[in-house]
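Data block below; observations after.
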Amino acid sequence: NINFRISPGERVALIGPIGSGKSTIARLLTGLYEPTSGLVMVDGIDIRQMESVSFRKKIGALLQDSSLLTGTIRENIELGRLDGEEELIRVSQLSGAHDFISTLPSGFDLRLSDRGEGLSGGQRQSIALARSLYGKPPIMILDEPTSSIDTDTEAALIAKLKDELAGRTLILVTHRPSLLSLVDRVILMSRGRVVVDGAPDQIGQKITLLKAR
């Protein structure tokens with residue numbers, strides 16, 4: 001019984017306590033989950049009817065369980081999409097991954113084990129964020145994109161994302177009020193239901209009642 005529409009270029013945050021359904025919606029929007037009833041539509045088309053490659057080009061997704069794959073850092077970011085070295089460097093700089101990648105003996109060609117064992121949580125998250133930004137997809141779905149980084153790094157990343165995401169559609173799942181500066185609309189959820197849907201300032205005091213991560 002959840003129903004909402006997001007316009008092209010609109011930036012929306014899904015907030016609410018743990019277990020309220022935010023990450024489930026993110027997975028529905030990326031096609032990882034299929035609805036048992038109802039529809040998830042992009043540009044008026046049921047995503048189950050869309051050609052897979054075409055749909056994937058529209059979506060850049062960073063989910064909570066976005067793991068790294070066995071292969072090089074380059075392969076993990078590109079995922080077979082060949083937009084060139086300039087784009088690879090651009091997104092890695094934007095996500096904060098480039099600084100540590102440039103110190104590695106093999107750089108982007110360092111081969112990772114499954115799930116990126118040997119890297120810190122912040123390093124893994126920055127690579128996964130670079131992957132979601134690669135190729136400038138028009139729709140971005142970010143689930144807790146700063147959960148593994150410190151507040152200073154988060155502040156720098158937010159400033160970069162404001163410019164990067166201008167004109168693109170954003171669905172942001174977060175517990176962090178600091179990230180709400182990226183959006184112009186907030187959907188507050190509780191127990192699988194939409195409680196409030198409006199501008200960030202309309203949510204008011206309810207944001208302060210959210211449980212800290």
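The values are calculated or read from the model by the stated rules, or taken from the named source; none is laboratory data. In this text the structure is predicted, and so the values were computed from the model without any measurement. Every residue, glycine as well, gets a Cβ built from its backbone with ideal geometry; the counts of neighbours run over all protein chains shown. Please note that ligands, DNA and RNA were not included when accessible areas were found on the heavy atoms of the full protein model with its side chains. Shrake-Rupley method; radii C 1.70, N 1.55, O 1.52, S 1.80 Å.
Could you list all residues from the range 89-115 that are part of a loop (DSSP other than H, G, I, E, B) and of a type in the set (Gly, Ala, Ser)?
Selection gives Gly96, Ala97, Ser102, Ser106, Ser113.
What tally of residues in the range 1-23 results from selecting those that are loosely packed, with under 10 Cβ neighbours inside 10 Å and under 17 Å from Arg168 (Cα atoms)?
Qualifying residue count, the range 1-23: 2.
Table: residues versus (1) of a type in the set (A, V, I, L, M, F, W, C); (2) in contact (Cβ under 8 Å) with a residue 12 or more places away in the chain.
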site	(1), (2)
Ala13	yes, yes
Gly16	no, yes
Leu29	yes, yes
Leu39	yes, no
Val42	yes, yes
Asp46	no, no
Ser54	no, no
Gly60	no, yes
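For the list (1) farther than 23 Å from Asn3 by Cα; (2) in contact with an Asp or Glu (Cβ under 7 Å, 6 or more places away or on another chain), I need the number of the one condition that Leu62 fails.
Every condition holds for Leu62 apart from (1).
Working carefully through the options Ser147, Ser67, find the one that is part of a loop (DSSP other than H, G, I, E, B), in contact with a His (Cβ under 9 Å, 6 or more places away or on another chain) and on the phi < 0 side of the Ramachandran plot.
Going through Ser147, Ser67 in turn, the sole match is Ser147.
Would you mind stating whether Ala26 is touching a strand residue (DSSP E or B) at 6+ places or on another chain (Cβ under 7 Å), surrounded by 15 or more Cβ atoms within 10 Å (Cβ to Cβ) and in a strand (DSSP E or B)?
No; evaluated as a whole, the condition is false for this residue.
Filtering the range 106-160 down to residues that are of a type in the set (Ser, Thr, Tyr) and more than 23 Å from Gly71 (Cβ to Cβ), which residue is surrounded by the fewest Cβ atoms within 10 Å (Cβ to Cβ)?
Thr151
Is there any pair with a first residue in the range 116-127 that is assigned to a loop (DSSP other than H, G, I, E, B) and a second that is open to solvent by 20 Å² or more (accessible area, probe 1.4 Å) whose Cβ atoms are under 8 Å apart and which are 6 or more apart or on different chains, and what are they?
Taking only residues 6 or more apart or on different chains, the pairs are Ser120/Ser148.
Would the range 55-62 turn up any residue that is in contact with a His (Cβ under 7 Å, 6 or more places away or on another chain) and surrounded by 21 or more Cβ atoms within 10 Å (Cβ to Cβ)?
No, every residue in the range 55-62 fails to be in contact with a His (Cβ under 7 Å, 6 or more places away or on another chain) and surrounded by 21 or more Cβ atoms within 10 Å (Cβ to Cβ).
Looking only at residues in the range 35-61 that are touching a Leu at 6+ places or on another chain (Cβ under 8 Å) and part of a loop (DSSP other than H, G, I, E, B), which one is modelled with the lowest pLDDT?
Step by step, filter the range 35-61, then rank; the result is Pro35.
Please work out which residue is surrounded by the most Cβ atoms within 10 Å (Cβ to Cβ), limiting yourself to the range 76-88 and to residues that are part of a helix (DSSP H, G or I) and over 19 Å from the mean Cα position of the chain (by Cα).
Glu85
State all residues of the range 89-105 that are among the small types (Gly, Ala, Ser), open to solvent by 20 Å² or more (accessible area, probe 1.4 Å) and under 16 Å from the mean Cα position of the chain (by Cα); if no residue qualifies, say none.
Of everything in the range 89-105, just one residue is among the small types (Gly, Ala, Ser), open to solvent by 20 Å² or more (accessible area, probe 1.4 Å) and under 16 Å from the mean Cα position of the chain (by Cα), namely Gly96.
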